[in-house]
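This report refers to the structure that appears directly beneath it.
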Amino acid sequence: MMEYQARNTGFNASGIKYMLAGGTVVAALGLLVEPQALMSKIAPAKDVCQEVIQPQAVLSRDRLSQLLTIPERSNKEQIRQVMQAPYCRLPDLEVRAGSTAKREAYPLAFDPNTWLVVMYEGEEYAGYSFSFRR
Amino acid sequence: MLDIHSVFAVSRGVAIALTLASCAPPPQPDETIRPQLYQQWQVQPGDTLNGVSVIGGLGDIGLSLNGQSVYAPFPGRAQKDPRNCLIFSTPDVPAYLFRLCGLSNLRLGPRHQGEALGTATILHVATLRKQPNGTWAIVEPSKPIIKRFLTRS
């Protein structure tokens, strides 16, 4: 429709410039949308801290990389040796029958909006996850 | 010399493509995953015995839902396995996966807590716990965790 009109009215060079500029602005606006919102595969966790343990706690890259080498189902003590006190404790869960799952959260030093969540069942380390906060 | 109309059309196309690319959702909402199970039982869901399909196995909780919806128990992600069972994972429960077989209208991709995952007549739920060797063991789920799938929280 617009192109048809343009042809008939002898669309001039300055009109083209405005159109090009408009298109560029639209494209730029598209790129401005927060990339993390588009990339994140998982909605932010809803669970909140039940008890704050160490308000200043953050997890360094070094400690994180050490944690990642510890296999699931290791003894809780192995994790304790690598990690300092967590930022907070999340509400307990019962995932497996008869076993209470305890969860502790550590904001990442290099990305405080991402928390590492560590879960224990009894004396066993169950595993970890990354939770994106708003 | 380039026709002025084609310059216009191309630039507009580029602008639209850029806008769409930057707004498009992540491209793998229906990604299929194949969690490798720890247990190697002889009879498994998906098998066929004398032409009869095995729809549930040891460790599956069978629920009669009569077309009711099943909901995301936590914020998380819904994927599917090769049998079209929904695999739900959530950062709120590290080291666990939930396998839901028998769902229709599967809702895959990122899910908010309480969002529908699908509907079912008969649903089989298995709770999978990660093992040190990377396999997933079917474990005994608690009542509260199963109930969370049945209520919109």
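The values are calculated or read from the model by the stated rules, or taken from the named source; none is laboratory data. Small disclaimer: the values here were computed from a predicted structure and weren't measured. Because the Cβ atoms are built from the backbone with ideal geometry, glycine has one as well, and the counts that use them run over all protein chains shown. Heads up: the accessible areas ignore ligands, DNA and RNA and are worked out on the full protein's heavy atoms, side chains in. Shrake-Rupley method; radii C 1.70, N 1.55, O 1.52, S 1.80 Å.
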Odd one out for B:Pro91 among (1) touching a Ser or Thr at 6+ places or on another chain (Cβ under 8 Å); (2) at positive phi: (2)
Members of region B:97-112 found to be within 8 Å of chain A (Cβ to nearest Cβ) and either charged (D, E, K, R) or in contact with a helix residue (DSSP H, G or I) (Cβ under 9 Å, 6 or more places away or on another chain) (or both), listed by number: B:Arg111
Considering residues of region A:76-106 that are more than 13 Å from chain B (Cβ to nearest Cβ) and surrounded by 19 or more Cβ atoms within 10 Å (Cβ to Cβ) only, the residue farthest from A:Ser131 (Cα to Cα): A:Met83
Contacts under 9 angstrom Cβ, first residue in region A:61-75 being away from chain B (no Cβ under 14 Å) and free of Cβ contacts under 8 Å to residues at least 40 places away in the same chain, partner crowded, with 16+ Cβ neighbours inside 10 Å and in a loop (DSSP other than H, G, I, E, B), 6 or more apart: A:Arg63/A:Met83; A:Gln66/A:Met83
Per-region count, region B:104-133, residues in contact with a Pro (Cβ under 6 Å, 6 or more places away or on another chain) and of a type outside the set (A, V, I, L, M): 5
Test: residue in region B:105-117 that is under 20 Å from B:Gly67 (Cβ atoms), open to solvent by less than 10 Å² (accessible area, probe 1.4 Å), over 13 Å from the mean Cα position of the chain (by Cα) and at pLDDT 95 or above: yes
Identity of the residue in region B:81-96, without any contact (Cβ under 8 Å) to a residue 40 or more places away in the chain and aliphatic (A, V, I, L, M), that ends up nearest to the other protein chains (Cβ to nearest Cβ): B:Ala95
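State yes or no: is B:Gly46 over 17 Å from B:Trp136 (Cα atoms), assigned to a loop (DSSP other than H, G, I, E, B) and modelled with pLDDT under 95?
It is true that B:Gly46 is over 17 Å from B:Trp136 (Cα atoms), assigned to a loop (DSSP other than H, G, I, E, B) and modelled with pLDDT under 95.
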Test: B:Pro82 is in contact with a strand residue (DSSP E or B) (Cβ under 9 Å, 6 or more places away or on another chain) and buried (at least 19 other Cβ atoms within 10 Å of the Cβ): no
Residues satisfying the stated conditions in region A:107-123, i.e. open to solvent by 50 Å² or more (accessible area, probe 1.4 Å) and either in contact with a helix residue (DSSP H, G or I) (Cβ under 7 Å, 6 or more places away or on another chain) or small (Gly, Ala, Ser) (or both): A:Ala109, A:Phe110, A:Glu123
Count of region B:37-79 residues which are of a type outside the set (D, E, K, R), touching a residue at least 12 places away in the same chain (Cβ under 8 Å) and open to solvent by less than 60 Å² (accessible area, probe 1.4 Å): 22
